[in-house]
1. Looking at the stretch 40-62 only, could you name the residues that are of a type in the set (A, V, I, L, M) and closer than 12 Å to PHE19 by Cα?
2. Across the stretch 49-80, what is the total count of residues that are assigned to a loop (DSSP other than H, G, I, E, B) and over 19 Å from PRO12 (Cβ atoms)?
3. Only residues that are closer than 15 Å to SER1 by Cα, of a type in the set (A, V, I, L, M, F, W, C) and not in a strand (DSSP E or B): list them for the stretch 30-48, please.
4. Just checking, how many residues over the stretch 67-80 are surrounded by 15 or more Cβ atoms within 10 Å (Cβ to Cβ) and either touching a Gly at 6+ places or on another chain (Cβ under 9 Å) or modelled with pLDDT under 95 (or both)?
5. Does TYR61 satisfy the criteria of being in contact with a helix residue (DSSP H, G or I) (Cβ under 8 Å, 6 or more places away or on another chain) and either open to solvent by less than 60 Å² (accessible area, probe 1.4 Å) or modelled with pLDDT under 95 (or both)?
Amino acid sequence: SGLTVYHGNKFPEWKGAIFGGGLVTKDVQRMTVDADFDVTSQVRMRIGERVRDVREGPDGYLYVLTDEENGRLLRIENKQ
């Protein structure tokens, strides 16, 4: 659940990527698409908790809201 397209400047290599959260898979998927909207790459970022929403913040970071008894707000940083 939750879906956003990254437009920020914090991670230029992510610009235009689609980020989707997974309640069942407990992860965030980063997907890139071509001009025909076919997925060209997909990277799984394991969160380990049900992901309710994923959003880009005004600071250019991605934020993930988990859906657990003690849900958390996580900031995603690119640690390449």
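1. Within the stretch 40-62, VAL43, MET45, VAL51, VAL54, LEU62 qualify.
2. Going through the stretch 49-80 one residue at a time, the tally reaches 8.
3. Scanning the stretch 30-48 gives a single hit, ILE47.
4. Residues in the stretch 67-80 being surrounded by 15 or more Cβ atoms within 10 Å (Cβ to Cβ) and either touching a Gly at 6+ places or on another chain (Cβ under 9 Å) or modelled with pLDDT under 95 (or both): 2 in total.
5. No; evaluated as a whole, the condition is false for this residue.
Every residue, every condition in (1) under 18 Å from THR66 (Cα atoms); (2) open to solvent by 80 Å² or more (accessible area, probe 1.4 Å); (3) in contact with a His (Cβ under 9 Å, 6 or more places away or on another chain); (4) in contact (Cβ under 8 Å) with a residue 12 or more places away in the chain, yes or no:
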| position | (1), (2), (3), (4) |
| --- | --- |
| PHE11 | no, no, no, yes |
| GLY16 | no, no, yes, yes |
| GLY21 | yes, no, no, yes |
| ARG30 | yes, no, no, yes |
| VAL33 | no, no, no, yes |
| ASP36 | no, yes, no, no |
| THR40 | no, yes, no, no |
| ARG46 | yes, yes, no, yes |
| VAL51 | yes, no, no, yes |
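The values are calculated or read from the model by the stated rules, or taken from the named source; none is laboratory data. Keep in mind that what you see is a predicted model, and the values were worked out from it rather than measured. Positions of Cβ are generated from backbone atoms using ideal geometry, with glycine treated the same way; all protein chains shown enter the neighbour counts. Surface areas here come from the heavy atoms of the whole protein model, side chains and all, with no ligands, DNA or RNA. Shrake-Rupley method; radii C 1.70, N 1.55, O 1.52, S 1.80 Å.
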